[in-house]
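Structure first, then comments.
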Amino acid sequence: MRMFSLIAFYFLLITSFPLFAQQVFYVDSEKGDDAAAGLGPDAAWRSLEQVNRANLQAGDTVRFRRGGLWRGQLVPKSGEPGRPVTYTSYGEGAKPILQGSLSRSAAGDWAQVGQGVWAAGDVGVDAGILILNHGEAYGVKKWKPADLRDALDYWYDAEGKRVCVRCDANPAEKYASVELALTRHIVNQGNRHDVVYDGLAVRYGAAHGFGGGMTKRITIRNCDVYWIGGGLQFFKPDGAPVRYGNGIEFWDGAEDHLVERNRLWEIYDAALTNQGNGEKSHQVNIVYRNNVIWNAEYSFEFWNRPEGVRSHNIIFENNTCVNAGGAWSHAQRPDPNGAHLMFYQNPSDTQGFIIRNNIFCGTTDMCMRMENDWRGGLRMANNLYHTGGKPVTRWLIRDFLQTLEAHQQATGLDADSIFAMPDFVNPEARDYRLKPVSPGFKEGVGAKN
C-alpha cells in the first residue's frame, strides 16, 4: 500500500510539473551581455549569435527588445507539437529588427577605384540590393564593371568580395545610410518545426525573409517583412543571371503552417509563397490570412512538382494586395511580369485550394497568371478586383482575359467576385483598410487588421 502511494505521488508530481520548465529569454542589442543568463530584461543577452547557439527547449520563448536591431541570420530551434519555441518582443517602441545587410555608411568604408566609381570591400556574399537612406534611393544591379554607366549602377565583384557603385561622390558622404543586402535568408528555418514568430521586423535581405524547406507547424504573425530579394541564384547556361527572393517562403515539404496579420512590401519576387520540386514536396494545411501586401512583384506565388506530390488545403483569404509589380525590382528584372496571383506550372495533386475574400488592386501586368489548368482543386470566391486597365487573368499562357466577366466565363471561377475600385482609409499612409462606403466593405473582403 505504501509502495502504491509512493508511485501515485511521483505520478502526480510528474504530471503536475513538466520535466522541462518553459523559460523566457531576453535579448537587448544595446545593453545586453552574452555572458548573462538571459532570463530577464536586466540580464538580457546581446547578440543574435547567442540566440542561435542557445540550447532552447520546447515551450521556450525568446523576446527581442523593441527598438533594437540585430544584423545577421536567425536560425531557430524546433519545439514540439503544442509546445513551440516562440520568437517575439518585449518593451515599448518599434518592432525589433532582424536585418540581413552590411552597413557601409562610413566614408572610410569606400575607396575611389575609377572615374566616378567607388568600392566597398569585405562583402562576403553577393549583395542583391543597394539600399540608400532606407529606401529613398536604391542601386541597379549590373553583372560586369563595364556596365556601370548610370548613377547608382552597382556590381558585386565575387573575386574581390567587394561592391562597386557609380556615384558622383563617396556614397557614404552623399547618403546618410548605405546598406548592402546579403544573399542569405534572414530567418533560415529549414527542417524546423513547431516555431512561432510574432511581432518582428525582418528586412534588408537578398534571399528570402523567411526561407527553408521541410517545415512543420510554423506560425508567422504580426511581422513586417520588407526590402527582400534580388540576390543571384545561379547563371543559366547562356550566361543570363537568375535573381530570386521571397518575403515568406515554404519550400518543398510543408505542413500545418499559419501566416497571418503580417505586412510585406518591396519584395523582389513573391511576398508569400509555398512551392517545391521534389518527391517529398507534399504541402498540406497552409493558411495565409489577414495579411497586407504592397509593391511585390507577386503577392502570392504557387506551384508544386512533380506529379503525385500533394498540395492539399491551401487557403489564401482576407488578404489585401496592392500594386503588384510596383517594387524597387520591377524594372531590373529580366522578366518583369507583375501579378497578384502567380501560378506557374503545377502538376501536383491539388485539392482544397481556396482563394476568397481578398482585395487585388493595381498591377503592372495582370491580376492572375495561370499556366496550366488545375481548377478541379481550386475555388475562388468573393474577391474584389481592380486592375487599372490591365488584364484580370493571363489564362494558360495564351489568353489575356481583360475583364472580370471574361475571367468568370472562361474559367468558371470567382462567380460572386466583384470588380470595383476599393476606397481605402488612407492609402498614402499605407492604411489599406476599407472605408464603410467602399465597394466590398459589406462583403467582408480584405485584411481584418
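Among the residues of region 30-50, those that are out of contact with any Phe, Trp or Tyr (no Cβ under 7 Å at 6 or more places or on another chain), open to solvent by less than 70 Å² (accessible area, probe 1.4 Å) and in a helix (DSSP H, G or I) comprise Ala43, Gln50. Check whether at least one residue in region 182-191 is touching an Asp or Glu at 6+ places or on another chain (Cβ under 8 Å) and in contact (Cβ under 8 Å) with a residue 12 or more places away in the chain, and report yes or no. Within region 182-191 (the criterion being touching an Asp or Glu at 6+ places or on another chain (Cβ under 8 Å) and in contact (Cβ under 8 Å) with a residue 12 or more places away in the chain), the answer is yes, since at least one residue qualifies.
Pairing each residue of region 412-426 that is more than 14 Å from Glu443 (Cα to Cα) with any residue that is charged (D, E, K, R) and assigned to a strand (DSSP E or B), provided the two are 6+ apart or on different chains, yields C-beta distances under 8 Å for Leu413/Arg379; Phe424/Asp431; Phe424/Arg433; Val425/Asp431; Val425/Arg433. If I ask for residues that are within 17 Å of Asn262 (Cβ to Cβ), open to solvent by less than 20 Å² (accessible area, probe 1.4 Å) and of a type outside the set (S, T, N, Q), which ones from region 283-313 would you list? The answer is Ile286, Tyr288, Val292, Ile293, Trp294, Ala296, Tyr298, Phe300, Glu301. Only one entry of Gly128, Gly124, Gly114, Gly100 meets the criterion of being free of Cβ contacts under 8 Å to residues at least 60 places away in the same chain and closer than 24 Å to Asp269 by Cβ, and that entry is Gly124. Taking the conditions (1) surrounded by fewer than 19 Cβ atoms within 10 Å (Cβ to Cβ); (2) in contact with a strand residue (DSSP E or B) (Cβ under 8 Å, 6 or more places away or on another chain); (3) modelled with pLDDT of 95 or more in turn, Pro334 satisfies each one other than (3).
Taking the numbered list (1) open to solvent by 10 Å² or more (accessible area, probe 1.4 Å); (2) touching a Lys or Arg at 6+ places or on another chain (Cβ under 7 Å) in turn, Ala176 passes all entries but (2).
Here Arg369, Arg379, Arg398 are screened, and the one residue that is open to solvent by 10 Å² or more (accessible area, probe 1.4 Å) and without any contact (Cβ under 8 Å) to a residue 24 or more places away in the chain is Arg398.
If only residues of region 28-53 that are more than 29 Å from the chain's Cα centre (by Cα) and among the aliphatic types (A, V, I, L, M) are counted, the one that is nearest to Thr86 (Cα to Cα) is Leu39. A search for C-beta distances below 6 Å between a residue of region 75-86 that is within 17 Å of Phe210 (Cα to Cα) and any residue that is surrounded by fewer than 17 Cβ atoms within 10 Å (Cβ to Cβ) and at pLDDT 95 or above, counting only pairs 6+ apart in sequence or on different chains, returns Val75/Asn52.
Looking across region 85-103, the residues that are of a type outside the set (A, V, I, L, M) and within 20 Å of Gly40 (Cα to Cα) come down to Thr86, Tyr87, Thr88, Ser89, Tyr90, Gly91, Glu92, Gly93, Lys95, Pro96.
Inside region 389-438, residues that are part of a loop (DSSP other than H, G, I, E, B) and of a type in the set (S, T, N, Q) make up a count of 4. Filter region 148-167 down to the residues that are of a type in the set (Asp, Glu) and under 18 Å from Gly231 (Cβ atoms), then identify the one that is most open to solvent (accessible area, probe 1.4 Å). Checked region 148-167; the qualifying residue most open to solvent (accessible area, probe 1.4 Å) is Glu159.
Against the criterion of being acidic (Asp, Glu), within 27 Å of Gly135 (Cβ to Cβ) and at pLDDT 95 or above, Glu301 qualifies.
Within region 204-236, if we keep just the residues that are free of Cβ contacts under 8 Å to residues at least 40 places away in the same chain and among the aromatic types (Phe, Trp, Tyr), the residue that is surrounded by the fewest Cβ atoms within 10 Å (Cβ to Cβ) turns out to be Phe234.
Scanning region 66-86 for residues that are of a type outside the set (A, V, I, L, M, F, W, C), open to solvent by 40 Å² or more (accessible area, probe 1.4 Å) and part of a strand (DSSP E or B) returns Arg71, Glu80, Arg83.
Every listed requirement among (1) under 15 Å from Arg369 (Cβ atoms); (2) of a type outside the set (Lys, Arg); (3) at pLDDT 95 or above; (4) open to solvent by 10 Å² or more (accessible area, probe 1.4 Å) is met by Val425 save one, (1). Quick one: is Gly253 buried (at least 24 other Cβ atoms within 10 Å of the Cβ) and either out of contact with any strand residue (DSSP E or B) (no Cβ under 9 Å at 6 or more places or on another chain) or small (Gly, Ala, Ser) (or both)? Answer is no for this residue. Among the residues of region 93-107, is any more than 20 Å from Val225 (Cα to Cα) and either surrounded by 15 or more Cβ atoms within 10 Å (Cβ to Cβ) or touching a Leu at 6+ places or on another chain (Cβ under 7 Å) (or both)? Yes, some residue in region 93-107 is more than 20 Å from Val225 (Cα to Cα) and either surrounded by 15 or more Cβ atoms within 10 Å (Cβ to Cβ) or touching a Leu at 6+ places or on another chain (Cβ under 7 Å) (or both). Do you know which residues across region 339-355 are in a strand (DSSP E or B), out of contact with any Leu (no Cβ under 6 Å at 6 or more places or on another chain) and farther than 12 Å from Thr393 by Cβ? Within region 339-355, Asp349, Thr350, Gln351, Gly352, Ile354, Ile355 qualify.
The single residue among Ser89, Ser105 that is part of a loop (DSSP other than H, G, I, E, B) and of a type in the set (Ser, Thr, Tyr) turns out to be Ser105.
The values are calculated or read from the model by the stated rules, or taken from the named source; none is laboratory data. Since this is a predicted model, take the numbers as computed values, not measurements. Note: ideal-geometry Cβ built from the backbone for every residue, glycine included; neighbour counts use all protein chains shown. Accessible surface areas use protein heavy atoms only, side chains included; no ligands, DNA or RNA. Shrake-Rupley method; radii C 1.70, N 1.55, O 1.52, S 1.80 Å.
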